[in-house]
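Please read the structure below before turning to the comments.
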Amino acid sequence: MNLRIPLKPMQGYNKIFDVGEHKMRLTKFGLIKLAKGTAYEGDTAETEVALVLIGGNFAAKGEGFAFEVKDGRKSPFTGKPHCLYMPRHTKYVITALSDVELACNGSPATRDTAKPTLIKPEDTRHIALGKDNWTRTSEIILDEKFDSEHFYIGEGMIPSGNWSGYPSHRHDVNNPPNELDMEETYFYLFDKVGAGAGEPNEGFGFQSVYTPAGVAAKKFGERLNEAYRVENYDTVAIAEGYHPLAGAPGYNMYYLWTMAGDQGRGLISLMDPAHAWVKNGK
């Protein structure tokens, strides 16, 4: 199996994976890349859609709404995100006010949700996690308080040489308040420490997706024991399993994380009992 999907972005919509691929039941993912002055016309159809600004400025319009982002970040390493949420049955046009990239999250929708909404940087929530060499920060973009049917979206920033998602955690089973079943998508970018943010670089990290020895993943019917070297514009689709990650020294590592669940949403996960002592101290 291969859960890593590389991408060399082209102009327009770049499909990364669709619902049903890589055992992902509630998520489709892609990247919209536009040169200044060009436009993309889309239709959410039977999905809810969240467009997370990777970098640049854009205008968005459709029936009953019009938004402009003129102060967008150059890259995830220079500022907080904007996010455009749109419910099902929404036709829209994105116009690039500068060169722009938007991560496109989609999830099958069975009900009407929030109206088209522009989530601004000041609407996001900043949290710091971990300790020692597994510290990282996160911006919560869209949480359980927002009227989405499936999404819980944020982005993480891992300092040079650090780990994230550690101690190893999963969210595979609906067992609140201890765990929620939410598949997850990771999309990665890297920044060379000391260079201009967003400049081309050879940064990389490692992503693990696993189940314990002798334990088969329910959706795959076999044990997961995957490890990927991830680079700029790579994506890993995580339908289930523990999934820690780490960045190489010399590079800051960004990852957009999109969780999707249909029986609750939240940052509720279960640590791998074999490694929980790292956090608990015993």
Of the listed residues (S160, S208, S148), the one being in contact with a Phe, Trp or Tyr (Cβ under 8 Å, 6 or more places away or on another chain), among the hydroxyl-bearing types (S, T, Y), surrounded by 15 or more Cβ atoms within 10 Å (Cβ to Cβ) and over 25 Å from E101 (Cβ atoms) is S208
Here are some conditions: (1) over 22 Å from K145 (Cα atoms); (2) touching a Lys or Arg at 6+ places or on another chain (Cβ under 9 Å); (3) of a type outside the set (A, V, I, L, M). K70 meets all but one. Which one does it not meet? (2)
Pairing a residue in region 265-282 that is under 20 Å from V209 (Cβ atoms) with any residue that is among the aromatic types (F, W, Y) and not in a loop (DSSP other than H, G, I, E, B), where Cβ atoms lie under 6 Å and the two sit 6 or more apart in sequence or on different chains, gives D272/Y242
Single match in N162, N133 (criterion: over 20 Å from A239 (Cα atoms), touching a helix residue (DSSP H, G or I) at 6+ places or on another chain (Cβ under 7 Å) and not aromatic (F, W, Y)): N162
Among the residues of region 233-253 satisfying the criterion of being crowded, with 23+ Cβ neighbours inside 10 Å and within 14 Å of the chain's Cα centre (by Cα), which is farthest from E222 (Cα to Cα)? M253
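Let's see how each residue does on (1) part of a strand (DSSP E or B); (2) hydrophobic (A, V, I, L, M, F, W, C); (3) within 14 Å of the chain's Cα centre (by Cα); (4) within 28 Å of V193 (Cβ to Cβ):
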| residue | (1), (2), (3), (4) |
| --- | --- |
| K15 | yes, no, no, no |
| K33 | yes, no, no, yes |
| G72 | no, no, no, yes |
| P81 | no, no, yes, yes |
Taking the criterion of being touching a helix residue (DSSP H, G or I) at 6+ places or on another chain (Cβ under 8 Å), outside any helix (DSSP H, G or I) and under 21 Å from Y152 (Cβ atoms), would at least one residue in region 247-267 satisfy it? no
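Suppose the filter is outside any loop (DSSP other than H, G, I, E, B), of a type in the set (D, E, K, R) and surrounded by fewer than 21 Cβ atoms within 10 Å (Cβ to Cβ); does E226 pass it? Show your work before the answer.
Numbers: outside any loop (DSSP other than H, G, I, E, B): yes; of a type in the set (D, E, K, R): yes; surrounded by fewer than 21 Cβ atoms within 10 Å (Cβ to Cβ): yes.
So E226 fits the description; yes.
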Could you please find all residues in region 219-250 being touching a residue at least 60 places away in the same chain (Cβ under 8 Å) and of a type in the set (G, A, S)? A237, A239, G241, A246, G247, A248, G250
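Tell me, which strands (runs of 3 or more DSSP E) lie completely within region 83-198 with 3 or more residues that are under 17 Å from I268 (Cα atoms) and of a type in the set (K, R)?
It comes to none.
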Taking the criterion of being assigned to a loop (DSSP other than H, G, I, E, B), within 19 Å of the chain's Cα centre (by Cα) and on the phi > 0 side of the Ramachandran plot, would at least one residue in region 203-219 satisfy it? no
For region 68-113, which residues satisfy the criterion of being crowded, with 23+ Cβ neighbours inside 10 Å and aromatic (F, W, Y)? Y85
Give me the residue from region 114-139 that is over 23 Å from E68 (Cβ atoms) and among the small types (G, A, S) and, out of that set, surrounded by the fewest Cβ atoms within 10 Å (Cβ to Cβ). A128
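Please work out if L142 is within 17 Å of H82 (Cα to Cα), buried (at least 19 other Cβ atoms within 10 Å of the Cβ) and touching a strand residue (DSSP E or B) at 6+ places or on another chain (Cβ under 8 Å). If you could, list the steps in order and put the result at the bottom.
Working: within 17 Å of H82 (Cα to Cα): yes; buried (at least 19 other Cβ atoms within 10 Å of the Cβ): yes; touching a strand residue (DSSP E or B) at 6+ places or on another chain (Cβ under 8 Å): yes.
Spelling it out, L142 is indeed within 17 Å of H82 (Cα to Cα), buried (at least 19 other Cβ atoms within 10 Å of the Cβ) and touching a strand residue (DSSP E or B) at 6+ places or on another chain (Cβ under 8 Å).
Since every read-out is calculated from the coordinates, none of them should be taken as a lab result. Since the structure is predicted, the reported quantities are computational estimates derived from the model, not experimental observations. Counting neighbours? That spans all protein chains shown, and the Cβs are built from the backbone with ideal geometry, glycine included.
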